[in-house]
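Only the coordinates and a few stated rules stand behind these numbers; no lab work does. Since the structure is predicted, the reported quantities are computational estimates derived from the model, not experimental observations. Every residue, glycine among them, receives a Cβ derived from its backbone with ideal geometry; neighbour counts consider all protein chains shown.
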């Protein structure tokens, strides 16, 4: 079967690296990437024998890297700095992997950069260590957001970003024309089909995932995610550090791709986003991962994306009401608003310990609370 979406070489490499990780489910990966097991094992064998060169369609002999002189090493350091803007530790890690020869100590590389005017003594002040919190396994939590939109020659681009909290693996970086559910949901669907479903998604309080705080009203997109079994979490307003990993990813995207460039249209943006995402996941060392890459720490989710939404079922004996137009339910000759996005769907009412007070649940998520003893406006 043919490879789907994105660049063929990118997909082959991503598939092979994920398949070779300990505990990987190769049959599941074959289904996700749309290839036969015979094709999969062919590329795995070639990768093990020849590395990345084994993934091209035309066979090539491995290139030989002669021993570099000090001057050539310095030029390689400066070139890598020019390509990426990275510091000494990242450049040392990547050069040692790419060239497969001894490279200078990271401190020596930093001295080379400083000597050539690429960094100043004050630059290190910007890199303050933060206390980091992360989930213990892949797909326990994904962080999702739209980076601030920017102008193109034709229209504006709204970059949709999706990051795994545990590994920092970038699951999606898509150039979008807007931030509506009609745009967001198809992108999420294609990502879910490849990587599976997370247990939870962390997003902000704006559209298309929610509105209001602290009582966040569901949107149609969040209703869809809940029906998929995903717990939707929201950060506090004016606290971007809640989604700190995704915000940090946005800084890297701006520094390594967006800064100083003018894009023609969304296709042009995506043409730049795809190689950056591959570099971020599989080449760029990450400080918080001990200079490993995110791809070395990520495993696809065992939870597959269902092409048909599962039915909404509640236990016998529960108080169930169907949400009417305007997000209204009727109970004991009273009407209560629970959210327009739930129109046409059933919710269930759970009495609390307070007399006359009920919690309103959609599936297993509490969406509202009301008290029969309170006078309605």
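Structure above, values below:
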| quantity | calculated |
| --- | --- |
| P(r) tail fraction, region 8-55 - alpha-carbon pairs more than 15 Å apart, % | 34 percent |
| Diffusion constant of region 319-371 at 20 °C, which comes from Stokes-Einstein with the Kirkwood Cα-pair radius and 1.002 mPa s, µm²/s | 196 µm²/s |
| Per-residue Cβ neighbour rank within 10 angstrom, fewest leading, 360, 16 | 16, 360 |
| Rounded Å value of the spacing that divides the Cα centres of region 173-189 and region 264-313 | 15 Å |
| For q = 0.18 Å⁻¹, Debye-computed log10 I/I(0) when each Cα of region 142-296 counts as one equal scatterer | -1.16 |
| Distance histogram for region 251-369 (every C-alpha pair counted, 5 angstrom bins, percent rounded to whole numbers) | 2, 8, 13, 12, 8, 7, 6, 9, 12, 11, 8, 3, 0 |
| Region 142-221, relative contact order [Cα under 8 Å, separation at least 6], % | 24 percent |
| Whole-number percent relative contact order across region 142-296, with pairs defined as alpha carbons under 8 Å at least 6 apart | 24 percent |
| Modelled FRET efficiency - R0 30 Å, residue 359 with residue 333, Cβ distances, 0.05 increments | 0.90 |
| Sequence ranges 258-265, 350-357, 365-372, ranked by mean other-Cβ count within 10 angstrom, highest first | 365-372, 258-265, 350-357 |
| Whole-number percent relative contact order across region 8-55, with pairs defined as alpha carbons under 8 Å at least 6 apart | 38 percent |
| Likely footprinting exposure, 203, 157, fewest C-beta neighbours within 10 Å first | 157, 203 |
| Fewest-first sequence of 138, 373 by Cβ atoms within 10 Å of each Cβ | 373, 138 |
